Structures are given as C-alpha cells and as structure tokens.
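These notes concern the structure reproduced below.
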Amino acid sequence: MARTDVVIAGYAETRVVYQSGRSAYDFAGLALSELLGKTGIAKDEIDGLSVTLALSEGSNPFFAVYMADALGLTPTWLNVGGIGGCSAAGGVARAMWAIREGACRIAVVLSADAPSTAFRANYGAYRPEFQDPQGVQGPPATFGLLMSRYDHQYGLDPRALGKIAVTQRAHALRNPNALDKFRKPLTMDDYLASRPIADPLRVLDCVMYCDGANAFLVMSAEEARARGIEKVAHPTAYAEVTNHNGADPLADITDSGFYRIAPKVFAKAGLTPAGIGMFQPYDDFTIAVLMQLEAFGFCAPGEGSAFVRDTDLSFTGTLPLNTGGGQISAGQPGLASGGLNLAEAVRQLFGEGGERQVPGVRNALVTGIGVIPYGRNWGCSAAMILEV
Amino acid sequence: MAETEGRLVPAANRYVPSQPFWDGAREGRLMLQMCLDTGRFQHPPHPLSVYTGSQNVEWRQVSGLGSIYAVTVVRVPGPGLAGRLPLIVATVELVEGVRLIANIIDSAAESVRIGAAVELAWDHLGDGTPYPAFRTLAQGVADAQD
C-alpha cells in the first residue's frame, strides 16, 4: 500500500516569459506570493525550503541561502536541488522525507530561473578540453547523435516526433501561462518544414530557454486537513537515478535511467502503464518523450514511433501527454523546467486544468531529466506518480 | 580568421592531469586513459578508474581505428563554430572499446554513416594545436560496430 501521509497541498506557477529582464529571485518572489495567497499559509509557517539551482545564478554556490534571505524565510531544513530538471519532483520527494523525519513541518519546493535574461552557468569538468573543441557545447549536438543512433537501431519516424510537437502545441494554446510566442497553432507540415539544427534534430523538436518559476507546498496530510486545505495530491511513488551506465563506455545510448526506475515507481504505487491517467514527461526534446514512452512500458523499446502514431495523446485522449504544452510549447524556464511538468500534473489533479482539463483524471506520471553528459543520453532521470 | 578564432585552446590539467593527451597530440599520437587493473580505456578521463575505483590509471596510445557509432551534422551557430558549419560530429567507437566524440573531416558526405570504419585524422585548434578528429576509410575495411 503506497504511503499517503505527506501531500502536495498547493502549487504556484508564473507565466513563462522570454528575456523578461527579471532575476530568478524576482520570479521566486512572484511564485511564493501566489502560493501563499492560494493556500492561506503564512510565510513564517514555512520551515522547510528546497531551492533548485538556476542557470541564471550559476556562479553563486550559496544560491539557496541567498534565496531564503530574499524571501525572508528561516528554514530548519534547506535542500539544494542540483539535479536540474529532476529537482522539482526530487525536491518534493526530499521534502517528504524531511517531514517524515521531523526536520520541518511545512516545506516549499521552489524552482526559479531566468537563463534567457542572464546565463551564468559554466559546467567546466572535462568539457573545455574534451567536448567543446568538437563543437558540442550545447545539447542539440548530443541529441542529434542520440537520435541518429535510435534511428539506426529502431527506425525513427519524423511524423511521430511531429505528432508530439503538434499535440503539445495544441495544449499550449489552452495554457495561459505558456510563452506568448508559442501560442499559435502548429501543423505537421510546419514541423516537417522546420529547419534541421543537428540532423536529424529539427528546431521544432527543441525547447527554448525562457524565464519563470514554480513552487510546491509540501506538508503532512494531517496538517493539510487541520488547515482546511481540501485539494491535495499524493506523491505515492518516486525514484531517481544519476549517471546510469556511467561506468560502461560501450553502453547502448538508447538505454536511459528510466528503464531502471520505471519498474520501481509502478511497483511502489501499485500501478501499471495501462493505469496511468496522464503522462507529464520532461520534454527537452521530442525524442526524450518518445524514449520515455518506451522506457515506462507504454510500448516496447523501439516501438515509440508506432505507438505515438496510433495513440490519441490529446488531453481528452487515451494517454493525455504534457497537457499544458510541456516545455517544448510552453517554453523552458531553465532549470525550473522540471516544475513546469509537475505543476501541470498537480493542476490537473486539483481539477484546475480549465480549457484543457483531463476528464476524471485520478493520477499522473511525471518525470524529470537533468544534464546532458558526454555522448550518452541524460545524466539524471527521475519519476514521480501522483494520485488523488 | 573566422575559421579558427573561436576554437579556443583549453588549458590542460584543470580537470584531471591531462598533459599526456596534449603532448601526444603534438606528436600525432592519440593518448587515452587506461585502467591498468582491467586493461580497459575510459574517456573523457576521470580522476580514478571508473571500473575499479583505484587511481591505477595511465595514458596510453590507442590505434585510432574504429567505427562511427552515432553521427549528426551541426547546422546552427555557437561558440567556436564560426566558419565551421555545417559541422559533422560523430561518436566514434574505437577498437580498444571506448568511445570519443569527434569531428569527421576530409570524408565524402555519403561515406559518413553509422557503422562506417574510420581512422584518426588531425584537426587544429586556434593556435595550430593538433586535436583528434577522424576520417572515413574505404568500404570493406574493419567494420567494428555493426
């Protein structure tokens, strides 16, 4: 029986904006204010804080402490989310552990970033010597490599990736928080005609760096009841893995960490892929969505293209996919992006999906991806199942 | 000199001691890190053997022969890419059992495909420092991957 003693008792999300001119701190203030307003929690009651590291503040090793200062919070439990797009779900999981341990009672999991205004991250490590000279500074080249290998092994249908892009764009049109630029319809022809940037990767397979923030309130179910908070979501399963196959230089690069954690979250929640009401996967690139459909067993490895072609992925379909548009069509607020998929899941489970509400949905599978390592797929994989 | 001005020459030894890689490159030899306990190579280099956890690692010359495991063509501008687009980037699997990300140069476009046999070639960074790249071999030569 999955544990339901700690809950997500609220969420907040700012609009996604391109080159806002504002800082991650400023966006965090906006998200926290909205969260307090929506839940009726007083700021001084918050004694736990998880802060996702931000590209825009990447030069500050004390970012989380400065964030607590900026927001006027005095946490007795402070967590730094350093697993990129896994940090929102990972932060919620860690907050749950901290609450069960008694380290805090009311935690906020905060992700704010503004890389389209200021980019101050430098990954260092082996990259200057062994990756940058080849022209592989950004993720597109690595994803071009990954897609080429996937295509070689399994066959990759551009129309399947196009369907993911088109479906998510249709969802973004119904999401008032989505980036304005993306709030216009996209057709399959638009997708197929979009320019290649790292073959076979097209520009419409990719996200665009933006600015934004999101926040989640985590507390015990008992605490939420006592406060009269009626809408809660139960994170009934969470698993993550970092550096999957990291010590195997000849690993199949289409084998991601999701293959390792998918069985864990399904077992923990007592669910199967067929029982998942909506899928809100981390979507930095369309191929990542397709590969996750396979890793989580919605279809067999290599059958992602056919599955996407044959499945209604719209918010009223058989497997609603990234119902807010995902990062690809709502915009990617830097490393706060993992919270974008999570916020949409919580919003839907609270019945607040508005024009894109998934009818009668009772659970969600949400995932995170963090960092693009040397010549593989992604460095961190995380998954959470939420239920109401 | 748009072709090379962006190709910065990185400082050696900032991540792990890497001088043998750069010394080897200047002598036309591709040097990679090998775990002496297992005889297996690892790349990029690590501060210890990822196979055993010991620091019993040394830089050894590799053959420079292998095959293309994955390949893309970068078509968008970026740091260090001025004058180099479109740029062929491949993951090359060496016969020694390790992969490198490298540019494919001096090769007919139709020969650059997954499974194609490649050999070491030398490209150059901004100040002329040699940097490893690969070129495709005529068909029929060792096809290690597929």
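The values are calculated or read from the model by the stated rules, or taken from the named source; none is laboratory data. Model, not experiment: these values are computed from the prediction. Using ideal geometry, Cβ is built from the backbone for each residue, glycine included, and neighbour counts are taken over all protein chains shown.
Annotations
- Filter pass, A:Leu146 being assigned by TED's automatic domain parsing to the domain that holds A:Val241 and at pLDDT 95 or above: yes
- Residues satisfying the stated conditions in the range A:207-220, i.e. buried (at least 24 other Cβ atoms within 10 Å of the Cβ) and closer than 30 Å to A:Leu156 by Cβ: A:Cys210
- Residue ID - farthest from the chain's Cα centre (by Cα), chosen from residues in the range A:38-61 that are of a type in the set (Ser, Thr, Tyr) and closer than 26 Å to A:Pro115 by Cβ: A:Ser59
- The lone exception for B:Arg40 - which of (1) over 17 Å from A:Pro133 (Cα atoms); (2) surrounded by fewer than 18 Cβ atoms within 10 Å (Cβ to Cβ); (3) facing chain A (nearest Cβ under 9 Å) it fails: (2)
- Residue count for the range A:94-126, restricted to those that are more than 12 Å from chain B (Cβ to nearest Cβ) and either free of Cβ contacts under 8 Å to residues at least 40 places away in the same chain or under 23 Å from A:Ala383 (Cα atoms) (or both): 17
- Exactly one residue out of B:Ala90, B:Ala121 is at the interface with another protein chain (Cβ under 10 Å from one of its Cβ atoms), part of a strand (DSSP E or B) and free of Cβ contacts under 8 Å to residues at least 60 places away in the same chain: that is B:Ala90.
- Residues in the range A:115-129 that are closer than 18 Å to B:Gly80 by Cα and among the charged types (D, E, K, R): A:Arg127, A:Glu129.
- Checked against (1) at pLDDT 95 or above; (2) more than 14 Å from chain B (Cβ to nearest Cβ); (3) more than 22 Å from A:Ser56 (Cα to Cα); (4) within 22 Å of the chain's Cα centre (by Cα), A:Ala178 meets all criteria but (3).
- Filtered residue count, the range A:331-365, keeping only those that are closer than 20 Å to A:Ala383 by Cβ and in a helix (DSSP H, G or I): 15
- Residues that are free of Cβ contacts under 8 Å to residues at least 40 places away in the same chain and either surrounded by fewer than 19 Cβ atoms within 10 Å (Cβ to Cβ) or touching a Ser or Thr at 6+ places or on another chain (Cβ under 6 Å) (or both) within the range A:138-165 comprise just one, A:Gly138.
Condition check ((1) part of a strand (DSSP E or B); (2) over 23 Å from B:Pro20 (Cβ atoms)) across all residues:
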site: B:Pro45; (1), (2): no, no
site: B:Thr72; (1), (2): yes, yes
site: B:Pro79; (1), (2): no, yes
site: B:Glu96; (1), (2): no, no
site: B:Leu100; (1), (2): yes, no
site: B:Asp106; (1), (2): no, yes
site: B:Ile114; (1), (2): no, yes
site: B:Asp127; (1), (2): no, no
site: B:Phe134; (1), (2): yes, no
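- Evaluating A:Glu129 against the criteria (1) at the interface with chain B (Cβ under 7 Å from one of its Cβ atoms); (2) surrounded by 23 or more Cβ atoms within 10 Å (Cβ to Cβ) leaves one unmet condition, (2).
- Selection status of A:Leu186, at negative phi and within 14 Å of chain B (Cβ to nearest Cβ): no
- Options B:Val71, B:Val76: the member that is at pLDDT below 95, of a type outside the set (D, E, K, R) and closer than 30 Å to A:Pro200 by Cα: B:Val76
- Lone qualifier among B:Tyr51, B:Tyr15 - being within 18 Å of A:Tyr126 (Cα to Cα), aromatic (Phe, Trp, Tyr), outside the structural domain of B:Gly128 (by TED's automatic domain parsing) and crowded, with 16+ Cβ neighbours inside 10 Å: B:Tyr15
- Restricting attention to the range B:72-87, the residues being over 18 Å from A:Arg127 (Cβ atoms) and either more than 9 Å from chain A (Cβ to nearest Cβ) or buried (at least 22 other Cβ atoms within 10 Å of the Cβ) (or both) number 4.
- Count of the range A:82-103 residues which are assigned to a loop (DSSP other than H, G, I, E, B) and either within 18 Å of A:Tyr238 (Cβ to Cβ) or among the β-branched types (Val, Ile, Thr) (or both): 3
- Single match in B:Arg29, B:Arg60 (criterion: part of a strand (DSSP E or B), among the basic types (Lys, Arg) and more than 10 Å from chain A (Cβ to nearest Cβ)): B:Arg60
Here's the yes/no breakdown for (1) farther than 26 Å from B:Gly128 by Cα; (2) touching a Phe, Trp or Tyr at 6+ places or on another chain (Cβ under 7 Å):
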| residue | (1), (2) |
| --- | --- |
| B:Ala12 | no, yes |
| B:Phe21 | no, yes |
| B:Ala25 | no, yes |
| B:Leu32 | no, yes |
| B:Cys35 | yes, yes |
| B:Gly39 | yes, no |
| B:Pro47 | yes, no |
| B:Asn56 | yes, no |
| B:Thr72 | no, no |
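- Flag if B:Ser54 is part of a loop (DSSP other than H, G, I, E, B), more than 10 Å from chain A (Cβ to nearest Cβ) and under 19 Å from A:Asp199 (Cβ atoms): no
- Looking across A:Ala198, A:Ala170, one residue alone is closer than 30 Å to A:Arg120 by Cα and outside the structural domain of A:Ala89 (by TED's automatic domain parsing). It is A:Ala198.
- Pairing each residue of the range A:189-205 that is at the interface with chain B (Cβ under 7 Å from one of its Cβ atoms) with any residue that is among the β-branched types (Val, Ile, Thr), provided the two are 6+ apart or on different chains, yields C-beta distances under 6 Å for A:Ile197/A:Val203; A:Ile197/B:Val76; A:Ala198/B:Thr72; A:Ala198/B:Val74; A:Asp199/B:Thr72; A:Asp199/B:Val73.
- Restricting attention to the range A:324-379, the residues being within 20 Å of A:Leu30 (Cα to Cα) and of a type in the set (A, V, I, L, M, F, W, C) number 7.
- The residues listed here are A:Gly339, A:Gly368, A:Gly326, A:Gly360; of these, the one that is buried (at least 24 other Cβ atoms within 10 Å of the Cβ), on the phi > 0 side of the Ramachandran plot, at pLDDT 95 or above and more than 14 Å from every other protein chain (Cβ to nearest Cβ) is A:Gly326.
- Given (1) among the charged types (D, E, K, R); (2) out of contact with any Phe, Trp or Tyr (no Cβ under 7 Å at 6 or more places or on another chain); (3) over 25 Å from B:Ala90 (Cα atoms), number of the condition A:Asp151 does not satisfy: (3)
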